[in-house]
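The values are calculated or read from the model by the stated rules, or taken from the named source; none is laboratory data. Keep in mind the model is a prediction, meaning the values are calculated, not measured. Quick reminder, even Gly has a Cβ in these numbers, built from the backbone with ideal geometry, and neighbours come from all protein chains shown.
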Amino acid sequence: MPVYGALLGDMIGAPYEFDRGGKTKDFPLFIKSSEFTDDSVMTVAVAEALMNNPGADDETVRGALVSAMRRWGRRYPWAGYGGRFNGWLRSRDPQPYNSWGNGSAMRVAAVGWLYDTMEETRHAAVLTADVTHNHPEGIKGAESTAAAIFLARTGASKDAIRAYITSEFGYDLSRTCDEIRPTYTHVESCQQTVPEAITAFLEGTDFEDVIRTAVSLGGDCDTLTCIAGSMAEAFYGVPDELIAECRARLTGEILAVVDRFEGFRKPRQPRPEDA
């Protein structure tokens with residue numbers, strides 16, 4: 001069920017943002033404040049824009065992304081957008097603002113499920129980023145996240161995913177989560193969120209363990225866990241009970257996009273551990 005991983009990562013991580021979770025994996029997955037934030041809203045906006053414009057030229061896709069992101073952002077003005085993005089949502093002439101923030105990576109999950117090739121996947125990821133986050137690091141964050149999802153969905157091993165991301169994007173994935181955790185703080189850049197999210201995914205042993213590992217790193221953990229969860233879903237799938245919890249916390253119009261996406265996405269290649 002694609003994009004549930006991103007939405008669950010967002011809502012499970014949200015209560016523990018700013019190191020409020022004690023940097024531990026031992027925490028309740030769902031509490032009263034386990035609610036979706038801007039990460040989920042923009043994930044849905046990107047998914048809708050891409051579904052509505054299959055095979056369109058780049059400028060049409062960019063225009064659709066801008067329109068969808070602004071429309072959904074205005075529907076959920078309380079969702080917790082960054083200051084510059086909030087200004088972009090309300091601008092009469094919305095233009096890219098050279099951001100390297102992790103917002104480009106948090107919203108890209110749908111891209112990893114919509115295309116048949118890595119080339120198409122990476123190209124679409126660039127388009128989703130550069131309408132706002134057109135700094136090279138902002139683009140790299142989206143592109144690498146979508147690439148990892150594509151590889152996980154199409155049956156690549158974690159070793160192969162690590163090797164591809166390191167080779168193609170230059171991220172340092174040599175640190176363990178135990179090495180990252182003690183000094184990791186709230187930071188909202190792609191370059192200090194995406195590698196940590198990928199590391200949490202690579203270390204996790206199943207979907208829930210990836211989520212718990214990502215949250216335990218602290219910092220901007222709703223976004224970090226959104227990114228890690230999107231990869232974990234592509235690799236492991238999502239347990240039915242967590243899908244049910246997720247759906248119970250979404251609005252009807254968001255659920256409509258999520259359900260529609262099921263008819264657009266490409267299949268996830270089964271793994272032996274699914275049996």
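Taking segment 179-208 as the region of interest, how many residues are polar (S, T, N, Q), in a loop (DSSP other than H, G, I, E, B) and modelled with pLDDT of 95 or more? It would help to see each step written out before you state the result.
So in segment 179-208, the residues polar (S, T, N, Q) come out as 183, 185, 189, 191-193, 199, 205.
Filter again for in a loop (DSSP other than H, G, I, E, B), leaving 185, 193, 205.
Cutting the leftovers down to modelled with pLDDT of 95 or more gives us 193, 205.
Final tally of qualifying residues: 2.
Among the listed residues I243, I211, identify the single one that is under 23 Å from Y164 (Cα atoms) and in a helix (DSSP H, G or I). Don't jump to the end; show me each part of the working.
Details: I243 fails: under 23 Å from Y164 (Cα atoms).
Only one candidate passes the filter, namely I211.
Across segment 196-231, which residue is surrounded by the fewest Cβ atoms within 10 Å (Cβ to Cβ) among those that are under 15 Å from A146 (Cβ atoms) and either in contact with a strand residue (DSSP E or B) (Cβ under 6 Å, 6 or more places away or on another chain) or of a type outside the set (S, T, Y) (or both)? Give the steps one after another, and end with the answer.
Of segment 196-231, the ones under 15 Å from A146 (Cβ atoms) are 197-198, 201, 226-231.
From what is left, the residues that are either in contact with a strand residue (DSSP E or B) (Cβ under 6 Å, 6 or more places away or on another chain) or of a type outside the set (S, T, Y) (or both) are 197-198, 201, 226-229, 231.
Details: A197: 33, I198: 25, F201: 30, C226: 37, I227: 37, A228: 34, G229: 35, M231: 31.
In this case the residue turns out to be I198.
Do you know which residues across segment 158-180 are out of contact with any Leu (no Cβ under 9 Å at 6 or more places or on another chain) and among the hydroxyl-bearing types (S, T, Y)?
S167, Y171, S174, T176
Got a sec? Which helices (runs of 4 or more DSSP H) wholly within segment 87-178 have at least 3 residues that are in contact with a helix residue (DSSP H, G or I) (Cβ under 9 Å, 6 or more places away or on another chain), within 21 Å of D222 (Cα to Cα) and modelled with pLDDT of 95 or more? I'd like the intermediate steps shown before the answer.
On the way: elements: 103-106, 111-114, 118-130, 136-153, 158-169.
The qualifying helices (runs of 4 or more DSSP H) are 103-106, 118-130, 136-153.
Output the residue which, of all residues in segment 1-56 that are among the β-branched types (V, I, T) and surrounded by fewer than 20 Cβ atoms within 10 Å (Cβ to Cβ), is nearest to V258 (Cα to Cα). Outline the logic, then answer.
Looking only at segment 1-56, we keep the residues that are among the β-branched types (V, I, T), and these are 3, 12, 24, 31, 37, 41, 43-44, 46.
Filter again for surrounded by fewer than 20 Cβ atoms within 10 Å (Cβ to Cβ), leaving 24, 31.
Numbers: T24: 30, I31: 23 Å.
Of everything passing the filter in segment 1-56, I31 is nearest to V258 (Cα to Cα).
What is the residue count in segment 244-261 for residues that are over 14 Å from S34 (Cβ atoms) and aliphatic (A, V, I, L, M)? So that I can check it myself, show each step before the final result.
Step one: of segment 244-261, the residues over 14 Å from S34 (Cβ atoms) are 251-261.
With aliphatic (A, V, I, L, M) added as a condition, the list becomes 254-258.
The total comes to 5.
The rows are residues; the columns are (1) under 19 Å from V210 (Cβ atoms); (2) surrounded by fewer than 24 Cβ atoms within 10 Å (Cβ to Cβ); (3) out of contact with any Lys or Arg (no Cβ under 9 Å at 6 or more places or on another chain); (4) of a type outside the set (K, R).
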site: W72; (1), (2), (3), (4): no, no, yes, yes
site: Y97; (1), (2), (3), (4): no, yes, no, yes
site: V108; (1), (2), (3), (4): yes, no, yes, yes
site: I139; (1), (2), (3), (4): no, yes, yes, yes
